[in-house]
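To start, the structure under review is shown below, and the notes come after it.
Only the coordinates and a few stated rules stand behind these numbers; no lab work does. Note that the coordinates shown come from a computational prediction; the quantities given were computed from them, not determined experimentally. For neighbour counting, all protein chains shown are included, and Cβ atoms are generated from backbone atoms with ideal geometry for every residue, glycine included.
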Amino acid sequence: MNRRHSAFTLAAVALSWLVSPTASFAAEADYHHVHLTTSNATEAMKWYTEYLDCQPLTDRDDGVDCFGAEVVFESKATLGSSQRTGIDHISFSYADLTAKMGELASVGVRGSGVRLQRFEDGETLREMPGLFKHGFIFDPWGTRIELVEDPDTLGFHHIHLSSTDPAATLNWYQERFGGESARLRGQADGLRMGDIWLLAMQHEGGVPAATAGRAIDHIGFAVASLDSVAGELERANVQFLEQPGVPDGGRTSAKRAIVDGPDHVSLAVVEAGFAGVVSKMAEVTDITTELRDYTVPRTPWGTPDFQGVWTGDASHGIPLQRPDDVGDAAVLTPEQAAARRERGTLGSIWGYEAEWRDTTLGYVKSAPSRQVAMIIDPPDGRIPPRTPEGERLMAEARAARQPLPEGPENLSSWVRCITRSLVQTPGVYNNGFQVMQGPNHVAMQVEMLHETRVIPTDGTPFVGSDIASWRGDARGQWDGDTLVVEIRNFNGKAPYQGSSDALTMTERYTRTGPDTLEYRFTIDDPKVFTRPWTGMFTYVRDESQYELVEYACHEGNYGMTNILSGSRSKEAEAGR
Amino acid sequence: MMKRQKQLLAMAAAVMVVILAPGIAAAQGEAPRAFDGHPDFNGVWQAIGTAHWDLQDHPAAAGPVDTGAIGAVPPGQGVVVGNTIPYTPEALAQKQQNFENRWTDDPEVKCFMPGVPRATYLPHPFRIVQGDKKIMMVYGFAEANRTIHMDKPERERAPIDSWMGRSHGAWDGDTLVVDAEGFNGESWFDRAGNHASYALQVQERYTPMGPNVIMYEATLTDENTFTEPWTIRMPLYRRLDENVQVLEFKCVEFTEDLLYGHLRKVPTR
């Protein structure tokens, strides 16, 4: 068991907005900033500069100036998109929105791209009668952004509060922070704060989620006297999330307080001169390399006890093979780890809706692994050379791939809802893994595709070699604290990295701490690989927020119908 | 070996006699005990009989023409206590419609998860893994499985409706009592089209009748479908075959032509 000490840092970014100093209105308070959460300040600055025409802030490395409004980013793990919170979105206005949206649509969603939210008719823009043309995009960290074509207010346009009682909410803000009551084009109730609109609309469907920790974390107001405003808020029984004071890492001596406003919108109240905080990535433990004194618990019948619900979430994004661009680094930096997971996540989630993203994505719930690659043997982290037969099989598999599949068997066993993979490489969602033990068996249930393997650990012999199957025949034995599982009799129809029916796979499960389970897999397939090779990643136990739900894949496999009918229709178009 | 099987059959016959008597009495032979003193259900189990064809009394009948005698329906004595399923008139009409379309509409035909209680008496074995925290039932058909939460005395609502529902269990003496709910209403109970809605609640009782037989009872309650609760009862037998395992039966690929054959480049349907 080679485990190393290491430490690891949680990536975190947040974004805040500062209104132009020229904005003025007859109130004791000024609208000051909106604070968004991302995972990479540098990347976020680049994104808002490149796509929404903001400018980097002078003397700051964590924010941008958007048409007089400052947007500041703080590195922090995000708890999900802004959608369906009390601050559903923010808005920018362009004189030629069709051109702007066309420009953004051409960026694409990969990496730190631009995600478009389409209307029911598939279009990205729609005319709002009596108002203007509008559409929605998301930044890569989950802030929903409305783009409008309002020639009266170009640049940063409004903040959209989603409220259970919009009129009362606007009154609440006006009483404390000023602004003029106004109706945007005589239609939408709001407050005019300098050049910026604070709009409040009826929240549809239940109660808005709290903003703290979400993509738009809070909005801020600057006041002349924080003490007097704080006193008033206290008398009004408003809950303080942060007491007035100079925050840790504050760039100036200006004080800040954070309160829980209407609809659980977090509000920062700051003194004049407040210039944000210098944030540091928090130090957290790297799950993959932590070594602790740990005694593996035992079941009542004396074997190591692995039972519980585990997830591979924290290991999502670790590539199988060592990439070329990391040199000889033993582990990634926290920033690299955060960026890597985000790239993996962003490339996968573009088609999904808000509730799903906000509640399901593993990446919001645990720190990303700093492990460089899964393969630990051979030591170069690369799959060993293939045999000539292995090369031939790979070429055959490549040739069999068709842009327009003729039938289900041209698609992967995953798409067919038969089995996902021999190795449960953590993905962007449904990485749950439940272990249940009896005296002579270990049951392992994999959430995605709801497969359960029951592994005898009592010396029961393997079944006959003619009984081949997709997941093979597994037998387990205890090696000290480790469960060693040998799997044979694969039918070879769900190859892992080109493996064949000659594969023997060995898995080793070891609890390395109360909440960590190290998983090693060895691929030994002499028909395909010139030597066996081994990969490793770590599961984290998370029963407080994780329960396996039924992943009924085949029962709802509309994807298969759509892929095949789409292919037939494309063939018909092409006259084939 | 032959002798052992004969003994087993004799024992099974004895159990059958017992269940015909009112109530359930303990049969001869002690059930094995788990480390904690409860009955030990660890093992591979299977129902024998024709409940998977029809829960109620049914005569022999033809199956799909081209499968001849293999596909024919064997006659069977029902497992419904009293033999009557108390359907509402609308639900009975639905059952009859299901029956008419059974060769295409039955979720079993499509390799969909069977739901509860059907998973128990499909003609496939299932394994019970019983430990100190939860009990898992891993069925041979369609990769279906259930986690019986024995460790949650405060019962939790199903997070979402599903094919296999959510199950909480507790011991009533030597009987394992499982309450299952949170179903999606898509499941059938047999190949005859018996059915229920998402409001279905199933209370199952697993009572040891000796080392190799469990008496299985399930009481089904669903106000949308039935005018009153009703009960099925049948024995489950331990599979004593040497080295018996619940083998992987991924039936999805065997349904692909049925479900998608019309969408192939060269249609097969």
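Relative to the compact-globule estimate of 2.2 N^0.38 Å, the Cα radius of gyration of the protein assembly as shown comes out at 1.09.
The mean number of Cβ atoms from other chains found within 10 Å of a Cβ in peptide A:558-564 is 3, as a whole number. What shape does the stretch A:510-576 have by the C-alpha gyration tensor, where a ≥ b ≥ c are the square roots of the eigenvalues, rounded means a/c under 1.5, and otherwise prolate means a/b greater than b/c and oblate the rest? Here the stretch A:510-576 falls in the oblate category. When only alpha carbons are used to place a centre, the stretch B:109-160 and the stretch B:218-251 end up 10 Å from one another.
Spin-label pair residue A:527-residue B:110: with each label point 7 Å from Cα along the Cα-Cβ axis, the two points sit 3.5 nm from one another.
If you average the sequence gap of Cα pairs under 8 Å that are 6 or more apart and divide by the length of chain A, what percent do you get for the contact order?
The value is 13 percent.
Under the criterion of Cα pairs below 8 Å and six or more residues apart, the relative contact order for chain B equals 21 percent. For the protein assembly as shown, the dipole from Cβ point charges (+1 on Lys and Arg, -1 on Asp and Glu) about the Cα centre works out to 2440 debye, to the nearest 20.
Each Lys and Arg Cβ is given +1 and each Asp and Glu Cβ -1; about its Cα centre, the stretch A:419-576 then shows a dipole of about 560 debye. Using a cut-off of 30 Å between Cα atoms, the listed pairs A:493/B:265; A:100/A:255; A:46/A:570; A:493/B:110; B:95/B:134 include A:100/A:255; A:46/A:570; B:95/B:134 as exceeding that distance. Between the C-alpha center of the stretch A:459-522 and that of the stretch A:315-333 there is a gap of 25 Å.
Take the Cα of residue A:224, step 7 Å toward its Cβ, do the same at residue B:197, and the gap between the two points is 6.5 nm.
Report the paramagnetic label zone for residue A:128: residues of the stretch A:172-215 whose backbone N is under 18 Å from a point 7 Å from Cα along the Cα-to-Cβ axis. Counting backbone N atoms under 18 Å from the label point, the list is A:181-193, A:195-205.
Taken residue by residue and averaged, Cβ atoms of other chains lying within 10 Å of the Cβ of B:244-256 number 6. In a reduced charge model with +1 at each Lys and Arg Cβ and -1 at each Asp and Glu Cβ, the stretch A:133-229 shows a dipole moment near 100 debye about its Cα centre.
The angle between the Cα long axis of helix B:2-20 and the longest principal axis of the Cα atoms of chain B comes to about 90 degrees, rounded to the nearest 10. Looking at the calculated P(r) for the stretch B:61-213, what percent of the C-alpha pair distances fall above 23 Å? Result for the distance tail: 43 percent. Choose one of A:509, A:499, A:526: the residue whose Cα lies farthest towards the positive end of the charge dipole of the stretch A:485-545 (beta-carbon charges +1 Lys, Arg; -1 Asp, Glu; about the Cα centre). Result: A:526, furthest along the dipole toward the positive end.
In peptide B:119-130, what is the residue-averaged number of other protein chain Cβ atoms found within 10 Å of each Cβ? The partial results should precede the final answer.
Numbers: counts 0, 0, 0, 0, 0, 0, 0, 0, 5, 4, 11, 5.
Mean partner-chain Cβ count within 10 Å for B:119-130: 2.
The protection proxy used here, the mean number of other Cβ atoms lying within 10 Å of each residue, ranks peptides B:148-160, A:451-463 as follows, highest first: A:451-463, B:148-160.
Projecting the Cα atoms of B:218, B:55, A:243 onto the dipole axis of the protein assembly as shown, where Lys and Arg carry +1 and Asp and Glu carry -1 at the beta carbon, places B:55 farthest toward the positive end. Each residue in A:96, B:161 was given a count of other beta-carbon atoms within 10 angstrom of its own, and listing them fewest first yields A:96, B:161.
Summing charges over neighbours of residue A:553, with a neighbour being any other residue whose Cβ is under 14 Å away from its Cβ, gives -3 when K and R count +1 and D and E count -1. Take every Cα pair under 8 Å whose residues are at least 6 apart in sequence, average their separation, divide by the length of the stretch A:36-153, and the relative contact order is 25 percent.
What area, in nm² and to one decimal, does the C-alpha convex hull of the stretch A:85-187 cast on average over all directions?
7.7
Helix content alone sets the calculated 222 nm mean residue ellipticity of chain A: runs of n ≥ 4 DSSP H residues at -39500 (n - 2.57) each, divided across all residues, give -5000 deg cm²/dmol. Pull out a ≥ b ≥ c, the square roots of the eigenvalues of the alpha-carbon gyration tensor of the stretch B:83-162, then state rounded if a/c is under 1.5, prolate if not and a/b is larger than b/c, and oblate in the remaining case. Here the stretch B:83-162 falls in the prolate category. Legend: ranking of residues A:315, A:225, B:187 from fewest to most surrounding C-beta atoms inside 10 Å; resulting order A:225, B:187, A:315. With a sphere of radius 15 Å drawn around the Cβ of residue A:60, what net charge do the other residues whose Cβ falls strictly inside it have (Lys, Arg +1; Asp, Glu -1)? Here the charged neighbours net out to -4.
Projecting the Cα atoms of A:413, A:562, A:327 onto the charge dipole of chain A (Cβ charges, centred on the Cα centre) puts A:413 farthest toward the positive pole.
Classify chain B from the C-alpha gyration tensor, please: rounded if a/c falls under 1.5, else prolate or oblate depending on whether a/b exceeds b/c. Rounded is the answer for chain B, as its axis ratio a/c remains below 1.5. Helices in chain B, meaning DSSP H runs of at least 4 residues, each add -39500 (n - 2.57). Divided by all residues, the mean residue ellipticity at 222 nm is -4500 deg cm²/dmol. Note on the stretch B:141-244: Rg/Rh from C-alpha atoms, Kirkwood Rh, equals 0.98. Residues A:248, B:57, A:324 in ascending order of nearby Cβ atoms (within 10 Å, fewest first): A:324, A:248, B:57. Relative to the dominant Cα principal axis of chain B, helix B:89-100 is inclined by about 70°.
Name the residues of the stretch B:103-138 whose amide N is less than 18 Å from a point 7 angstrom out from the Cα of residue B:241 along the C-beta direction? The answer is B:120-128, B:138, whose backbone nitrogens lie closer than 18 Å to the label point.
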